[in-house]
Structures are given as C-alpha cells and as structure tokens.
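Q: Mind having a look at this structure? Questions to follow.
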Amino acid sequence: MATRWLKARQTKYVAYTLVYVLVVIAGIVVLNVLANRYNKSLDTTANKRYSLSPQTAKIVRELRQDTTITYFNQSTRFREGKDLLDEYANLSPRVHIEYVDPDKNPQLAREDGVRDFGTAVVQIGDRKETAKDMTEEGITGAFIRDIKGNTRTVCFVAGSGEHQIDDTDRDGLSQWKDLLAKDEYQAKAVDLLQKADVPGDCTTLVVAGPTHDYLQPEVDAIGKYVEDGGRALFLIDPPLQMGASPIATNDALASLLESWGVTLDKDLVLDFNPIGQLAGLGPQVALVTQYTSQPIVNELKGTAVGLPLARSLEIKDTGKASVQKLFDSSDSSLATSDLNSAAINIRDPKNKRGPLTLAASGSYDTGRPNAQGRFVVVGSSSWVANRFIGFNGNSDLALNAVNWLSSDEDLISIRPKPQDDRRITMTQAQLHRVQLTSQFALPLVVILAGVVIWWKRR
C-alpha cells in the first residue's frame, strides 16, 4: 500500500511542487543575503539622476582616513536621508553612516551644533563640518571643507572693464561665482588701481576679459605675484576695434605673458566646424573637442567646449617658465588679423589656418622647492560669462582651471549636471485623448481580442 502511494502520479506531482517551492525559497533567501551584504544599484536614467557625480566619487574613493557621516533626524524619518547616504558608503569602505535621533541623544546633537532635523555632519579625522543641506552638493561640500581645512579665495581683478562676479546680466560672472562656492571657494573683487598689490589671501587671481589697458604698476603687481609663487588665470579677448566698445591691446600685460612663454596673437579665430553649426553655433564660436594630456583637461575627453570671440596663442618654454598647450581649434578654423571690420574675407591669404592654440598652462620656477608659480591663459573670456558658461563643458573647464591653479587637483572632475526636465506637456484636448485611449480604447481592444479567440475555439 505504501509502495503504491509513493508511485502514485499525484504523489510525484506533490513532491515536484514541494521541491520547486523549496528551490524558489532558497533562491529568494540567497538573493536577500547577497543584496543585504552587497548593496549595489544600477542607474539606467539618461542623465544618471540617481548616481553621485564623478567628482564626488573621486573625492570619496581617495579618502585616506576613516570618515563618519552622522545623520540627525527623528527615528521615524531616517529613511529620508538613507538612500543618499548609502551611495556614499558604497563608494568606499572608509565611509561609515550613523543615525542619531536628537530627541533621544540631545547631548551629541548639542556637541555637533545641530539645531534642525535632517542635518548631516561629516567627520574626517578630527575635523567636523556640517552639510549645508541634504543634497550631494551639500554633503560633498562638507567633505571638501574637512579635507582642505583652510579658506580658499579666488580674487577677480576689477577696474579695467573686466567681467564682474556680482553681475547677473548676460556678460556677468555671477553663475561662475555660484559654481565656485559649491567647490568651497570664496570669490571677491580686487582693484589693483587702488593698491598695486595682490592681497595675501588670494589663492588664485583671475583676469577676466579687461577692455582697457592695465597700467604698468598693475602689470608689475600681477607679475610679482606669479613669480613669487602665486597662481593666475588670464582670460584675454582679441583686441577688436569694431562696434561701440573696442577692446584695448593691453600691450603691457601681453609683454608680461610673452616673458613667460605665451604670445597673444592679435587675431580673431573663426571656426567653420560643421559640428558647431549643428549645435547652433556661428563661426565666431570656436568649438573644441580634442584636448592634450594635462590635469585641467584630462577629464574633458568626449566633452565639447565653446569659446566665443577667441584669439590664438603661440607658446614656448622660457628660462624660468615651462608652458604646455591645453587645446587647439579645429582643422576647419582660421584666424584673421582684420579686427576693424565685421566683414571677414575668409579667402584672404593672410589668414592663418587651423588648428590654432587657444589655451595653455604654465609653471614658473621661483627657485624655492614646492613654491612654483602657475598660470593659465585662454584667448577668450565670454565662455565663462552667464550667457555661455552653461554650454556643455565650459563650467567644468572653468572650475578645473581654478582647481589646478589652487593645487586642488583632487577636485578636478566632471561636476553633476542639472537634472533634465522630461515632463510631458499636453493641451487639454491631448490629455482627453490619452485618457480615452488608456481607459476605454485599450481595454476594449483586449476584450474584443478575447472574444475572437473564444469564438474560434468554442
């Protein structure tokens, strides 16, 4: 009887079913254990909306000390910060996350100066910094302040028609100032006409498109600053003489740069690259897609940069300065020396044919160990203005240049881009048609298909 029961078909089916159920349960248990031990995720969104930026990943993965991120919130609201904080923990085994309820542990909240729920405090070694907000920018900013420690100031020269950091118009630099703040740099204007001396708290000096000539004392102050180990970024436009606002030749400043191995050509680069035309750019915007191997541009591979109204440069090493090209214009570019007329003769035999050097970096030997001066020269300034800094890789190039000049090479990377707004906007009629299709038409098609199949098999 028992043998017959074991051989019965129903018994076999029950046994098979039981085995299948056990296998499925075992698989689910194994997957849960692996998921709990190895917390990995795959971001398939087009703009990597749910992934930390390469800059954040670079900073966290290069940590040399154990780091603790303490998240202060009510116990029932820890989930609000968990997803973001787990992404940091997944980047490095040195990052540890702690969750603290200020109501249950008010003493720790008081020690860390926490007053609001939803606050994160990043501790690296003995240093603690509070994140300005619970976003990637806020938390990574706390990492940077912990690592760098001291205040870093980017000084912008003012007084000779340069772009201004507080100007929110199209030609202002207010957006660049905001981007620098996210990298934990302070920005301030300095007037070398009032006092021909670069302030000692300037980590980097920026000359952003002067339209008037610098006086010799100003040039001497800039030269002394770099040759004593300072860092400077020069954004020098071509000396266009057309229109209501001509640009001065700035010969004294040009002579200083030439003594460091960078000659500013008095020309205007025109780029007839068809890719630029597809991007909606005119020939007055030089489109750059190829770069040399230098920390400023290493991370820009595959990213385009656009430089409006650019001039070409000639570079060479000098006795104390070594110069390196950053990038050229395209093969389809040319440079005209006719700067007095908007009408350009592209067949003029005097035109120089591309590729043409548009930007260079250099180091100045001060004769002291670990105290070299650094400088970057770009033959255009409008690419960092509010109207153009958002173009493709322009903001990354601007920030990378400041990072390299400030010896913050560990910050050089591609910053997070603004999230794309991919919402679908429809009129009321379109919305009504979608509603009818989804609620009535599609279900009706399914029902009719079922009726037809039933009719054929009846």
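The values are calculated or read from the model by the stated rules, or taken from the named source; none is laboratory data. Computed from a prediction, not measured in an experiment: that's the story for all the values here. In this analysis, Cβ positions are derived from the backbone assuming ideal geometry, glycine residues included, and neighbour counts consider all displayed protein chains.
Q: Which numbered condition trips up Gly159, out of (1) crowded, with 16+ Cβ neighbours inside 10 Å; (2) within 26 Å of Asn73 (Cβ to Cβ); (3) in contact (Cβ under 8 Å) with a residue 24 or more places away in the chain; (4) among the small types (Gly, Ala, Ser)?
A: Unmet condition: (2).
Q: Taking region 84-136 as the region of interest, how many residues are of a type outside the set (S, T, N, Q), more than 18 Å from Lys58 (Cα to Cα) and without any contact (Cβ under 8 Å) to a residue 60 or more places away in the chain?
A: Total satisfying the criteria: 30.
Q: Next up: Anything in region 317-336 that is modelled with pLDDT of 90 or more and either more than 14 Å from Val288 (Cα to Cα) or outside the structural domain of Val376 (by TED's automatic domain parsing) (or both)? List them, or say none.
A: Asp317, Thr318, Lys320, Ala321, Ser322, Val323, Gln324, Ala335, Thr336
Q: Among (1) out of contact with any Ser or Thr (no Cβ under 8 Å at 6 or more places or on another chain); (2) outside any loop (DSSP other than H, G, I, E, B), there is one condition Ser293 misses while meeting the rest; what is its number?
A: Checking Ser293 against (1) out of contact with any Ser or Thr (no Cβ under 8 Å at 6 or more places or on another chain); (2) outside any loop (DSSP other than H, G, I, E, B), the one that fails is (2).
Q: Hey, which of the strands (runs of 3 or more DSSP E) in region 210-281, taking only ones fully inside, have at least 3 residues that are crowded, with 22+ Cβ neighbours inside 10 Å?
A: Where strands (runs of 3 or more DSSP E) fall fully within region 210-281 and carry at least 3 residues being crowded, with 22+ Cβ neighbours inside 10 Å, they are 231-235, 268-271.
Q: Moving on to the next point. Looking only at strands (runs of 3 or more DSSP E) that lie completely in region 300-407, which have at least 2 residues being in contact (Cβ under 8 Å) with a residue 60 or more places away in the chain?
A: 305-308, 321-328, 333-336, 357-364, 373-378
Q: Tally time: how many residues in region 134-152 are crowded, with 18+ Cβ neighbours inside 10 Å and either of a type in the set (Ser, Thr, Tyr) or in a loop (DSSP other than H, G, I, E, B) (or both)?
A: 1
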